[in-house]
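Before I ask anything, here is the structure I am working with.
The values are calculated or read from the model by the stated rules, or taken from the named source; none is laboratory data. All of these numbers come straight from a predicted model, not from anything done at the bench. Using ideal geometry, Cβ is built from the backbone for each residue, glycine included, and neighbour counts are taken over all protein chains shown. Just the protein is used for accessible areas: all its heavy atoms, side chains included, with ligands, DNA and RNA removed. Shrake-Rupley method; radii C 1.70, N 1.55, O 1.52, S 1.80 Å.
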Amino acid sequence: MVEIDWKNLVFGYVPTDCNIRCEYKNGEWGELTVHREATINLHISAAVLHYAQEAFEGLKAFRGVDGKVRIFRIEENAKRMQSSCNGIKMPKLPIDKFTEAVIRAVELNKDYIPPYETGASLYIRPVIFGTTPLVGVRPAKDYEFIVFVTPVGPYFKGGFQTTPFMLSRQYDRAAPLGTGNIKVGGNYAAGLSASEKAHELGYSSAFYLDSKEKKYIDECSAANFFAIKGNTYITPKSDSVLPSITNVSLSKIAELLGMKVEKRHILVDELSEFDEAGACGTAAVISPIERIDDIDTGKAYIFSKDGKPGEKSTVLYNYLRGIQYGEQPDTFGWNTFVEV
Ligand code: PLP
Ligand code: COI
């Protein structure tokens with residue numbers, strides 16, 4: 001095992017001991033197998049390479065304050081992967097196959113779960129793709145499911161620190177009746193131009209507007225949007241955003257803490273009325289937003305005047321992390337323990 005600088009981990013790929021795989025052939029899923037190599041042998045005409053028949057998930061395992069290892073909301077990711085499979089005509093992976101593969105990948109790579117004190121975690125990346133060689137556009141017959149893991153630090157610069165974001169008016173990520181609400185690779189390719197532009201201009205990422213009316217906030221390429229107004233947690237209702245498991249969890253925590261939760265359209269102009277805002281997701285956790293610049297109109301929406309994360313975002317962040325690291329009672333039953 002290579003030495004890992006746990007405290008300075010970024011959100012990147014670190015080689016681990018093994019990955020778990022499962023093939024779909026002749027209309028059924030096979031047994032899980034363990035592989036040491038990190039590469040695959042793929043036909044040059046495989047469906048995934050040409051027509052992006054691929055879906056993935058992202059979840060995390062945490063080493064808690066008590067030394068125990070917890071995986072956060074594994075069943076929700078399993079269900080979302082089924083909905084992604086359904087959306088692009090791939091066979092549904094059974095929930096128990098998903099959970100077993102994820103748990104084995106964590107168990108067999110236990111040495112890569114970052115120590116509690118580092119605040120880092122083990123990112124788990126399940127992926128399914130079509131392997132059948134084809135040239136005409138149609139669904140593959142054969143598929144492969146792989147779960148690999150990698151220790152990670154924060155997704156956005158600095159972790160729980162405010163950073164600037166921009167609005168993307170020149171690029172859309174997804175259409176209302178398209179694939180924005182499932183986790184398929186094509187959505188991320190569609191978002192690369194806007195993200196790269198945002199990075200070049202010094203922003204963490206770009207928030208898309210609804211692609212039909214260009215009036216409402218959708219999400220950014222790797223995280224949902226939420227805002228705080230007084231005692232209310234507000235998040236977009238949209239058919240083209242990914243249903244974020246983190247966002248739903250934060251909404252539940254907000255309710256538990258006596259906040260009101262609203263899921264509704266958010267007009268761009270309304271950004272000026274919010275006290276706090278954040279990007280949320282498994283990788284992003286909560287990434288507090290300093291401001292959102294509408295670079296095409298020159299308007300700026302400021303959510304932090306002193307550069308610090310807002311009070312409510314901080315409470316929500318600490319509560320969520322508290323559950324994940326076993327510092328807070330898991331009243332919702334969100335954690336799955338892994339014996340390591
Ligand atoms: N939106 C997009 C486009 C994402 O890629 C992600 C990451 O998974 C999220 C939102 C956040 O979802 P979750 O909280 O389930 O990780
Ligand atoms: C996640 O938060 O798990 C994601 O998948 C976001 C991104 C890294 C694509």
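Report yes if LYS229 is in contact with a helix residue (DSSP H, G or I) (Cβ under 8 Å, 6 or more places away or on another chain), away from ligand 1 (no atom under 11 Å from the Cβ) and open to solvent by 70 Å² or more (accessible area, probe 1.4 Å), otherwise no.
Here the answer is yes, as LYS229 does meet what is asked.
Yes or no, residue by residue, for (1) within 13 Å of ligand 2 (Cβ to nearest atom); (2) open to solvent by less than 40 Å² (accessible area, probe 1.4 Å):
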site: SER168; (1), (2): no, yes
site: ASP172; (1), (2): no, no
site: LEU177; (1), (2): no, no
site: GLY180; (1), (2): no, yes
site: LYS183; (1), (2): yes, yes
site: ALA189; (1), (2): yes, no
site: SER195; (1), (2): yes, yes
site: GLY202; (1), (2): no, no
site: PHE207; (1), (2): no, yes
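Please work out if ASP111 is within 19 Å of GLY67 (Cα to Cα), over 19 Å from the mean Cα position of the chain (by Cα) and at pLDDT 95 or above.
Yes; evaluated as a whole, the condition is true for this residue.
Residues of the stretch 307-340 being of a type in the set (Val, Ile, Thr) and in a loop (DSSP other than H, G, I, E, B), which ones?
Those that are of a type in the set (Val, Ile, Thr) and in a loop (DSSP other than H, G, I, E, B): THR331, VAL340.
Within the set of pairs 6+ apart or on separate chains, which have a first residue in the stretch 37-60 that is polar (S, T, N, Q), a second that is open to solvent by 50 Å² or more (accessible area, probe 1.4 Å), and C-beta atoms under 7 Å apart?
What qualifies is SER45/PRO133; SER45/VAL135; GLN53/PRO139.
Continuing with the same structure: Suppose we filter PRO176, PRO133, PRO139, PRO151 for residues that are at pLDDT 95 or above and within 21 Å of the chain's Cα centre (by Cα); which single one remains?
That would be PRO151, the only listed residue that is at pLDDT 95 or above and within 21 Å of the chain's Cα centre (by Cα).
Here's a check for you: in the stretch 188-203, which residue that is without any contact (Cβ under 8 Å) to a residue 24 or more places away in the chain and over 17 Å from PHE156 (Cβ atoms) is farthest from the chain's Cα centre (by Cα)?
Here the answer is SER193.
Tell me the residue from LYS92, LYS141, LYS110 that is away from ligand 2 (no atom under 16 Å from the Cβ) and within 19 Å of ILE44 (Cα to Cα), please.
On inspection, the qualifying residue turns out to be LYS141.
Right, next: Tell me, which strands (runs of 3 or more DSSP E) wholly within the stretch 251-300 include 3 or more residues that are on the phi > 0 side of the Ramachandran plot?
Where strands (runs of 3 or more DSSP E) fall fully within the stretch 251-300, none carries at least 3 residues being on the phi > 0 side of the Ramachandran plot.
I'd like the residue in the stretch 99-120 that is of a type in the set (Ser, Thr, Tyr) and closer than 21 Å to ASN8 by Cβ and, out of all such residues, is surrounded by the most Cβ atoms within 10 Å (Cβ to Cβ).
Per the stated criteria, the residue is TYR112.
Considering only the stretch 1-88, give the strands (runs of 3 or more DSSP E) lying wholly within it that have at least 3 residues that are open to solvent by less than 90 Å² (accessible area, probe 1.4 Å), within 28 Å of SER244 (Cα to Cα) and of a type outside the set (Lys, Arg).
It comes to 19-25, 54-56, 59-63, 69-72.
Considering the stretch 293-340 alone, what residues qualify as being farther than 24 Å from ILE245 by Cβ and surrounded by 13 or more Cβ atoms within 10 Å (Cβ to Cβ)?
Listed by number, the residues that qualify are ASP293, ASP294, ILE295, LYS299, ALA300, TYR301, ILE302, SER304, LYS308.
Looking only at the stretch 89-98, which residues are open to solvent by less than 20 Å² (accessible area, probe 1.4 Å) and part of a loop (DSSP other than H, G, I, E, B)?
Of everything in the stretch 89-98, those that are open to solvent by less than 20 Å² (accessible area, probe 1.4 Å) and part of a loop (DSSP other than H, G, I, E, B) turn out to be MET90, LEU93.
When the stretch 207-247 is examined, which residues are found to be among the hydroxyl-bearing types (Ser, Thr, Tyr) and either touching a strand residue (DSSP E or B) at 6+ places or on another chain (Cβ under 6 Å) or assigned to a strand (DSSP E or B) (or both)?
Residues satisfying the conditions are TYR208, TYR216, THR232, TYR233, THR235, SER244, THR246.
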